[in-house]
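Trainee: Below you will find the structure I want to go over with you.
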Amino acid sequence: MIARIIIPIVLSIVLSDLYIDWHYRRRHPNCRWWMRALWWMPGVLLLGYAVALATIRNFVPDDLIWVNVFMVLMGLVVVPKVLFALCSGVGFVCCRLTGGHRNWGNLLAMVLILGNWYVLAYGFEVGIDKLEVRRVDLYFNNLPDAFEGYRIVQFTDAHVGTLEARNVGLLKRDLDSINAQRPDLIVFTGDLQNAQPQELYPVSGLLASLKARDGVMSVLGNHDYSKYVHASPAVEAANRAETIAQQRRCGWRVLLNEHAVLRRGQDSIVIAGEQNYGDPDSANFEKTMHGVGRQAFTIMLQHNPAAWDATIVPTKRVALTLSGHTHGGQMSVFGWRPTRWVYAEDYGHYERGESQLFVSSGLGGLVPFRFGISPEIVVITLHKTK
């Protein structure tokens with residue numbers, strides 16, 4: 001994980017400290033060497049921490065506390081330095097251009113730094129423990145009459161290893177909330193684990209407690225393929241098979257590029273489950289839809305919402321796609337989410353022609369942090385357009 005972003009981390013630590021060191025020495029040219037050394041010490045230690053995390057073989061260490069502590073330290077120490085360097089630097093340039101003597105960027109930086117510390121404290125201590133039950137009514141021209149009012153509960157991105165490490169009661173609360181909705185169908189749209197199927201063993205009883213009239217159906221997310229553990233292809237395949245087996249032992253129906261038909265009298269709908277889009281040799285739309293009539297009302301479970309634009313909408317064969325993966329950015333400030341830079345559809349409800357998409361922010365994440373976008377379960381009620 002850290003290895004993928006090590007260059008931005010190094011640049012943020014080094015460049016911000018260089019600017020602040022230069023800025024301070026301009027005002028205090030006789031600053032003693034040991035004072036400068038003390039200033040540089042936190043950055044140097046964090047650089048060493050980052051390099052150590054980047055050199056581990058797996059995507060994340062087995063004990064996630066090392067990643068979480070690193071993220072907190074970055075938020076406490078490095079982000080404030082970056083904010084100060086950016087604001088003060090812009091203010092310095094403005095002073096030079098206008099002939100002013102007051103660098104207002106320094107004051108702005110102080111305000112932003114206090115805001116950053118508030119977001120950090122709230123996100124790690126309060127936001128991650130919340131749960132929103134989101135209710136959504138969706139309307140379709142071709143919904144079979146017998147499925148008017150059909151209720152689906154979607155949950156996604158549970159990352160149970162993180163939830164259990166955070167608080168053993170959070171997952172039970174979330175699953176009890178799902179059952180309390182008395183759904184016709186429960187669907188899980190990927191990322192049950194962080195990296196390894198062993199994370200599922202302590203919570204298998206809880207996962208098996210989910211009940212719905214038409215059962216629980218699931219698909220795999222990118223973290224469920226066990227590709228974030230450095231191992232031989234044989235071990236990776238065995239881990240992936242164990243993740244699938246664990247879900248099936250809990251009574252879930254895992255859809256691996258396949259579909260199921262749900263019937264109410266003479267009417268029926270199709271629940272299709274495509275493997276994760278973006279993983280080589282995984283997603284296969286044609287295989288998933290093999291044998292499904294073009295007029296069938298189809299709901300697609302696909303972890304990655306990027307598949308909706310790329311392979312689902314063009315076929316005009318899927319009425320509703322349910323996705324996760326983005327976590328809604330895990331942070332939203334006045335509607336701005338970091339995932340909006342990457343995904344055209346990163347959170348919420350979207351429509352294109354006769355096709356609809358709903359992307360849930362999910363329950364958890366690898367890093368236990370939420371600000372402005374709570375963990376959620378989604379209660380979707382299907383209606384026929386009148």
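The values are calculated or read from the model by the stated rules, or taken from the named source; none is laboratory data. Just so you know, these numbers come straight off a predicted model, no measurement behind them. Positions of Cβ are generated from backbone atoms using ideal geometry, with glycine treated the same way; all protein chains shown enter the neighbour counts.
Trainee: For a quick check of your reading of the model, give me the residue pairs whose first member lies in segment 218-233 and is buried (at least 16 other Cβ atoms within 10 Å of the Cβ), whose second is among the hydroxyl-bearing types (Ser, Thr, Tyr) and in a loop (DSSP other than H, G, I, E, B), with beta-carbon atoms closer than 7 Å and at least 6 apart or on different chains.
Mentor: Close Cβ pairs (under 7 Å, with a partner that is among the hydroxyl-bearing types (Ser, Thr, Tyr) and in a loop (DSSP other than H, G, I, E, B)) amount to Val219/Thr189.
Trainee: Based on what the data block shows, is Ala146 modelled with pLDDT of 95 or more and not assigned by TED's automatic domain parsing to the domain that holds Ser209?
Mentor: On the way: modelled with pLDDT of 95 or more: yes; not assigned by TED's automatic domain parsing to the domain that holds Ser209: no.
Here the answer is no, as Ala146 does not meet what is asked.
Trainee: Shifting gears a bit: Within segment 56-63, does at least one residue satisfy the condition of being of a type in the set (S, T, N, Q) and either in contact with a Gly (Cβ under 6 Å, 6 or more places away or on another chain) or under 25 Å from Phe369 (Cβ atoms) (or both)?
Mentor: For segment 56-63, residues of a type in the set (S, T, N, Q) and either in contact with a Gly (Cβ under 6 Å, 6 or more places away or on another chain) or under 25 Å from Phe369 (Cβ atoms) (or both): present.
Trainee: Quick one: in segment 112-132, of everything that is more than 21 Å from the chain's Cα centre (by Cα) and not aliphatic (A, V, I, L, M), which residue is surrounded by the most Cβ atoms within 10 Å (Cβ to Cβ)? I'd like the intermediate steps shown before the answer.
Mentor: As a first pass, look at segment 112-132 and keep what is more than 21 Å from the chain's Cα centre (by Cα): 112-115, 117-118.
Filter again for not aliphatic (A, V, I, L, M), leaving 115, 117-118.
Details: Gly115: 12, Trp117: 14, Tyr118: 11.
Selected residue: Trp117.
Trainee: Continuing with this model, one more query. Give Val261, Val318, Val270 a once-over and let me know the one that is assigned by TED's automatic domain parsing to the domain that holds Gly221, surrounded by fewer than 19 Cβ atoms within 10 Å (Cβ to Cβ), outside any helix (DSSP H, G or I) and not charged (D, E, K, R). Quick ask: steps written out before the conclusion?
Mentor: Numbers: Val318 fails: surrounded by fewer than 19 Cβ atoms within 10 Å (Cβ to Cβ); Val270 fails: surrounded by fewer than 19 Cβ atoms within 10 Å (Cβ to Cβ).
Of the residues listed, the single one that is assigned by TED's automatic domain parsing to the domain that holds Gly221, surrounded by fewer than 19 Cβ atoms within 10 Å (Cβ to Cβ), outside any helix (DSSP H, G or I) and not charged (D, E, K, R) is Val261.
Trainee: Here are Ala212, Ala180: which of them is over 18 Å from the mean Cα position of the chain (by Cα) and over 19 Å from Gly362 (Cα atoms)?
Mentor: Details: Ala180 fails: over 19 Å from Gly362 (Cα atoms).
Step by step, each of Ala212, Ala180 is checked, and only Ala212 is over 18 Å from the mean Cα position of the chain (by Cα) and over 19 Å from Gly362 (Cα atoms).
Trainee: Another question, if that's okay. Report yes if Leu108 is outside the structural domain of Leu45 (by TED's automatic domain parsing), farther than 30 Å from Gly161 by Cβ and aliphatic (A, V, I, L, M), otherwise no. Can you show your working first?
Mentor: Details: outside the structural domain of Leu45 (by TED's automatic domain parsing): no; farther than 30 Å from Gly161 by Cβ: yes; aliphatic (A, V, I, L, M): yes.
No.
Trainee: Could you please let me know if Arg340 is of a type in the set (D, E, K, R), farther than 22 Å from Arg135 by Cβ and under 15 Å from the mean Cα position of the chain (by Cα)?
Mentor: Values: of a type in the set (D, E, K, R): yes; farther than 22 Å from Arg135 by Cβ: yes; under 15 Å from the mean Cα position of the chain (by Cα): yes.
In short, yes.
Trainee: Now a separate question. Residue pairs, Cβ under 8 Å, 6 or more apart or interchain, first in segment 141-155 and at positive phi, second of a type outside the set (S, T, N, Q). List them.
Mentor: Listed by first residue and then by second, the contacts come to Gly149/Leu382; Gly149/His383.
Trainee: Related question: Has segment 186-206 got at least one residue that is within 17 Å of Ser361 (Cβ to Cβ), more than 20 Å from the chain's Cα centre (by Cα) and either not in a strand (DSSP E or B) or not assigned by TED's automatic domain parsing to the domain that holds Thr243 (or both)?
Mentor: no
Trainee: Let me ask something else about it. Being at pLDDT below 95, in contact with a helix residue (DSSP H, G or I) (Cβ under 6 Å, 6 or more places away or on another chain) and under 26 Å from Gly278 (Cα atoms) narrows it down to one of Leu171, Leu163, so name that one. Reasoning before the result, please.
Mentor: Numbers: Leu171 fails: under 26 Å from Gly278 (Cα atoms).
Answer to the selection: Leu163.
Trainee: Output the number of residues of segment 172-181 satisfying the condition of being buried (at least 16 other Cβ atoms within 10 Å of the Cβ) and of a type in the set (A, V, I, L, M, F, W, C).
Mentor: The total comes to 2.
Trainee: Within segment 133-171, track down each residue that is part of a strand (DSSP E or B), touching a Ser or Thr at 6+ places or on another chain (Cβ under 7 Å) and crowded, with 22+ Cβ neighbours inside 10 Å.
Mentor: Gln154, the sole residue that qualifies.
Residue-by-condition table, conditions (1) closer than 28 Å to His159 by Cβ; (2) among the small types (Gly, Ala, Ser):
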site: Pro42; (1), (2): no, no
site: Ala52; (1), (2): yes, yes
site: Phe70; (1), (2): yes, no
site: Cys95; (1), (2): no, no
